[in-house]
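Below is one structure, written out as structure tokens, with a few remarks after it.
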Amino acid sequence: MVAEEMRVFGAADYAVFACVLLVSSAIGVYHALTGGKQKTTKEFLMADRNMSPIPVAVSLVASFISAITFLGTPAENYIHGCMFWLYGFAYIGAGFFTSRCFLPIFFRLDVTSAFEYLELRFNKVMRICGMLTFFLQMIIYMGIVIYAPALALSAVTGLHLWGSVIAIGLVCTFYTTIGGMKAVLWTDVFQVTIMMSGFLALIIAGSIRAGGMGEVWSIAEKGGRIDFFNFDPDPSVRHTFWSVVIGGTFTWSAVYCVNQAQVQRYLTCGKEPVAQFALLLAVIGMVVVVSLACLAGLVMYANYVNCDPLTLEYVQSSDQLIPYFLMDLFHTSPGLPGLLVSAVFSAALSTVSSGLNSLAAVTGEDIVKTIWPDMDELKYTKVTKCLAAAYGILCIGMAFVASFLGDVLQAALSIFGMIGGPLLGLFSLGIFFPWANSKGALFGLICGLALSFWIGIGAQVYKPFVPTPGLNADGCTDLNDTMMTTEDMMTSQTMMMTSSVAPTVEERPAIAALYTVSYAWYSAIAWLTVIITGLIGSFATGYTKPSEVDPRLICPVVDAMYCCLPEKWKAPLRCGVKKLHPDDDAKEGVKVVNAENGLEFKAESEVNPNTQDMQPPYPTEKEYNTKL
């Protein structure tokens with residue numbers, strides 16, 4: 001089944017592929033020429049804060065479930081089994097914590113950059129540290145996202161790998177830079193539609209060829225791919241119920257609770273209830289998408305159960321399995337391969353565009369505005385557009401680094417854990433622990449990043465052994481275009497046997513045992529490290545008194561999780577933090593107090609220069625930064 005024509009696009013495929021690119025670009029051009037024509041940062045970065053929940057929900061799904069999902073998740077289920085399906089529970093947990101604990105604070109403070117919170121809670125140093133951590137995470141991650149679909153395209157079309165990387169990066173940078181957040185949101189809607197149609201086409205056609213969904217499930221079960229009940233507590237086991245559900249909740253909370261790309265989307269809704277509804281729809285969408293991706297992997301396994309393309313070296317890596325499968329299914333249907341490869345391409349565009357917009361927002365709010373607080377709005381908007389374009393070029397370069405990271409799905413989730421975990425811990429330290437101070441927060445962040453990078457990089461150097469149910473190529477003795485010789489069969493059998501043999505103990509240093517911990521636990525380990533070391537550092541340097549912390553900056557767990565308890569029970573469980581009253585909202589003119597230095601902050605846009613009777617007089621953001 002490896003006819004050379006399977007690897008070549010026809011004219012119809014290229015036409016469909018070009019149309020998908022043109023539609024994405026046209027959406028960007030449309031939003032550049034309509035409305036306010038992207039002349040203000042409120043429109044360019046925040047879509048005027050009046051978006052409806054449906055496009056926001058679809059964009060939330062698209063931002064981090066994209067080409068990685070399209071390529072990596074089916075391959076994961078094909079090779080290792082469907083434990084990954086349990087990440088659906090992790091999405092639900094992450095959505096719940098985001099809605100109850102983090103969203104209310106960001107809306108209460110009316111921020112543009114999530115890292116403004118860190119300055120209000122701690123100081124400007126922590127705001128900059130959080131921002132730099134986010135930069136590191138997103139630039140590396142977007143390099144993976146650009147590289148993954150380019151790899152897929154090169155595998156099935158013969159296009160040059162790095163030519164594809166450049167094409168993806170430039171198209172995405174173009175419509176993000178000219179169309180702003182509205183273009184990003186609406187192209188996400190279009191691109192997710194393409195991606196979902198791709199999954200459905202693969203599942204329907206593949207299951208028909210395998211003999212129906214019942215036969216698919218039966219074959220997968222016999223092959224050891226159906227396993228939802230592995231409750232092994234060993235943290236070195238790659239996927240268990242505990243690592244996927246609990247560890248996955250921390251991993252995806254780092255994405256949906258504090259990642260600027262997601263926070264920025266919530267804030268485009270303008271109102272907290274609308275954003276919470278959008279998040280609910282997004283969680284449902286995420287569960288649906290991961291279910292389709294996992295099902296596609298099982299269908300692919302049923303089709304290749306006795307003729308594995310990896311063993312026969314028809315593909316060079318697991319990330320090329322889905323492109324190979326779609327070309328195998330549809331190479332005789334002109335235009336359809338182009339549509340399905342466009343699904344992979346579109347998935348990458350949706351993720352990178354959201355990342356570029358969020359990086360531009362953070363750089364503008366946390367750096368440019370700090371250095372030049374009096375910059376006029378028109379000039380500031382042009383600066384943010386240039387920043388978006390510059391980050392697009394940078395991410396194209398980072399794709400080269402991504403080519404050395406191996407499996408794109410595990411690499412992406414490892415990045416979330418290694419960098420997103422400490423960032424989640426930093427925000428959690430401020431939001432849930434009123435005793436934390438800036439020195440403890442800085443110490444905790446450094447310890448969390450150091451440990452997570454130590455484990456993550458160590459796992460790349462000394463890759464842990466991962467047993468698999470096994471792959472089979474015994475049924476490939478009669479191929480369409482080439483016959484396997486006896487020598488070929490012996491080679492394939494040798495590959496299968498050697499791939500299941502673990503390295504000997506003598507080949508690995510003793511410290512390598514630390515690197516065997518599952519990547520699914522990276523985020524949880526980093527979060528716990530930041531919390532413990534951050535509290536130790538805070539108490540060692542003079543902890544903050546809870547009564548002095550502004551309640552707008554804290555989310556007492558008792559109020560978020562047990563809102564129906566009587567007040568007399570909840571009061572002592574707030575640990576001395578004052579009760580937050582419903583009318584205590586920064587947008588309504590109430591100052592936010594930084595407990596560590598007693599400074600009062602009010603966003604400059606909220607100050608009415610014509611008001612003469614404000615008592616006490618609230619400093620502007622510029623005055624606040626000067627005091628710091």
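General observations
- Failed criterion for ILE105 (all others in (1) more than 17 Å from the chain's Cα centre (by Cα); (2) at pLDDT below 90 hold): (2)
- Pair list, Cβ under 8 Å, 6 or more apart: the range 203-215 residue farther than 17 Å from ALA75 by Cα, other residue in a loop (DSSP other than H, G, I, E, B) and open to solvent by 30 Å² or more (accessible area, probe 1.4 Å): none
- Selection from the range 331-342 of residues that are open to solvent by less than 20 Å² (accessible area, probe 1.4 Å) and either without any contact (Cβ under 8 Å) to a residue 60 or more places away in the chain or outside any loop (DSSP other than H, G, I, E, B) (or both): PRO337, GLY338, LEU340, VAL341, SER342
- Elements of type helices (runs of 4 or more DSSP H) in the range 50-135, at least 3 residues being of a type in the set (Ser, Thr, Tyr): 67-79
- Flag for ALA183 being among the small types (Gly, Ala, Ser), open to solvent by less than 10 Å² (accessible area, probe 1.4 Å), touching a residue at least 40 places away in the same chain (Cβ under 8 Å) and closer than 22 Å to LEU394 by Cα: yes
- Test result for THR249, within 18 Å of the chain's Cα centre (by Cα) and touching a residue at least 24 places away in the same chain (Cβ under 8 Å): yes
Conditions tested, residue by residue: (1) under 28 Å from VAL16 (Cα atoms); (2) more than 26 Å from the chain's Cα centre (by Cα).
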position: PRO337; (1), (2): yes, yes
position: VAL344; (1), (2): yes, no
position: THR363; (1), (2): no, no
position: VAL401; (1), (2): no, no
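- First in the range 9-26 and touching a residue at least 24 places away in the same chain (Cβ under 8 Å), second anywhere and assigned to a helix (DSSP H, G or I) and loosely packed, with under 13 Cβ neighbours inside 10 Å, Cβ under 6 Å, 6 or more apart: none
- Selection within the range 1-20 - at pLDDT below 80 and open to solvent by less than 70 Å² (accessible area, probe 1.4 Å): MET1, VAL2, ALA3, MET6, PHE9, GLY10, ASP13, PHE17
- When residues of the range 546-573 are limited to those that are over 13 Å from GLY430 (Cα atoms) and either touching a Ser or Thr at 6+ places or on another chain (Cβ under 7 Å) or touching a residue at least 24 places away in the same chain (Cβ under 8 Å) (or both), the one least open to solvent (accessible area, probe 1.4 Å): ALA560
- Looking at THR268, THR332, THR351, just one residue is touching a Ser or Thr at 6+ places or on another chain (Cβ under 6 Å) and either among the β-branched types (Val, Ile, Thr) or more than 28 Å from ILE54 (Cα to Cα) (or both), and that residue is THR351.
- Residue within the range 524-535 that is at pLDDT 85 or above and open to solvent by 70 Å² or more (accessible area, probe 1.4 Å) present: yes
- For ALA167: the one exception among (1) under 19 Å from ALA388 (Cβ atoms); (2) touching a helix residue (DSSP H, G or I) at 6+ places or on another chain (Cβ under 6 Å): (2)
- Residue within the range 437-445 that is among the polar types (S, T, N, Q), at pLDDT 80 or above and either over 28 Å from ILE219 (Cα atoms) or surrounded by fewer than 17 Cβ atoms within 10 Å (Cβ to Cβ) (or both) present: yes
- If you check CYS555, CYS564 for being under 23 Å from GLY95 (Cα atoms), at pLDDT below 75 and assigned to a loop (DSSP other than H, G, I, E, B), only one passes: CYS564.
The values are calculated or read from the model by the stated rules, or taken from the named source; none is laboratory data. Keep in mind that what you see is a predicted model, and the values were worked out from it rather than measured. Cβ coordinates were reconstructed from backbone atoms using ideal geometry, including for glycine residues, and neighbour counts include every protein chain displayed. Remember, those area values only see protein heavy atoms, side chains included, never the ligands or the DNA or RNA. Shrake-Rupley method; radii C 1.70, N 1.55, O 1.52, S 1.80 Å.
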